[in-house]
Amino acid sequence: MKLSGLTDAQQRRIERASETVPFAKLIGLELKAVEPGRAVLTMEIREELKQNHGVVHGGAIASLIDSAMAFAIIPYLDEDEGTTTVDLTIHYLRPLLGGLATATAQVVRVGRRVVVVSAEVVDEAGSLAATATSAYLRLSSS
């Protein structure tokens, strides 16, 4: 995993998050890179992630996107803050059949309460498979 432009505290938080999300492990998400406002995650396409027509289930792609977006946001959060997804709009452009899917998320705007993020998913050949936008609500534990 490549971490750049982050403080030591941000790096620790990202490493901790990448190691402690059981669902991400279940579907095989792998964090490749994080820098302030940008994150890259991959997912190896397995039979268990496909729907009955042999293409990756939209929910698996949505999980890849949502997770990439969440990691892109982490560098903007205070230590006592978390986020929750408010909405997620995905445009599925081509089916994913096999190989490695890569999601790249980019923070569009950081507000006091809401963070807006966009993402793209490409297949192993680099063909665009999905685009997405999302809003996240900032949550404070205090």
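Please treat every number below as a calculation from the coordinates, not as lab data. Here the structure is a predicted model, which is why all the values come from computation and not from measurement. Positions of Cβ are backbone-derived with ideal geometry, glycine not excepted, and every protein chain shown enters the neighbour counts.
Look at SER134, SER118 and count the other Cβ atoms within 10 Å of each Cβ; fewest to most, that gives SER118, SER134. Using only Cα atoms and rounding to the nearest 10 degrees, what angle (0 to 90) does helix 58-73 make with the longest principal axis of the chain? On a 0 to 90 degree scale, this one is about 20. Just so you know, the Rg over Rh for the chain is 0.97, from Cα atoms, with Rh as the Kirkwood radius.
Once each part is reduced to its C-alpha centroid, what is the distance from the stretch 9-62 to the stretch 89-138 in angstrom? Measuring centre to centre over Cα atoms gives 12 Å.
A simple rule links phi to the HN-Hα coupling: the Karplus curve 6.51 cos²θ - 1.76 cosθ + 1.60 with θ = phi - 60°, which for the stretch 121-136 gives 10, 10, 7, 4, 7, x, 7, 5, 9, 7, 10, 7, 10, 8, 10, 10 Hz, with x for Gly and Pro.
Dividing the summed helix terms, -39500 (n - 2.57) for each DSSP H run of n ≥ 4, by the number of residues in the chain produces a 222 nm estimate of -7500 deg cm²/dmol to the nearest 500. Loop-resident GluC sites (Glu not before Pro) (DSSP state other than H, G, I, E or B) in the stretch 72-142 with no more than 13 further Cβ atoms inside 10 Å of their Cβ: GLU79. Percent of C-alpha pairs per 5 Å bin in the stretch 73-114, short distances first: 5, 12, 24, 20, 14, 12, 9, 5.
Tell me which trypsin sites (Lys or Arg not before Pro) from the stretch 39-129 have a DSSP coil assignment and no more than 12 other beta carbons within 10 Å of their own. Please list the in-between numbers first.
Values: sites: ARG46, LYS50, ARG109, ARG112, ARG113; in loops: ARG46, ARG112, ARG113.
In loop regions of the stretch 39-129 (DSSP not H, G, I, E or B), the sparsely surrounded trypsin sites (Lys or Arg not before Pro) are ARG46, ARG112, ARG113.
For the chain, DSSP calls about 95 percent of its internal beta bridges antiparallel. Against the chain, whose longest principal axis is taken from its Cα atoms, helix 8-19 shows a tilt of about 40°. Taking a point 7 Å out from the Cα of GLU124 in the direction of its Cβ, the residues of the stretch 90-108 whose backbone N falls within less than 11 Å of it are 97-101.
Dividing the alpha-carbon Rg of the stretch 59-142 by 2.2 N^0.38 Å yields what?
Details: Rg = 13.5 Å, N = 84, 2.2 N^0.38 = 11.8 Å.
The reported ratio for this selection is 1.14.
Three principal axis extents describe the C-alpha atoms of the stretch 25-65; from largest down they are 38, 15, 12 Å.
For ASP80 and LYS32, a Förster radius of 30 Å and the Cβ-Cβ distance give a FRET efficiency of 0.65, rounded to the nearest 0.05.
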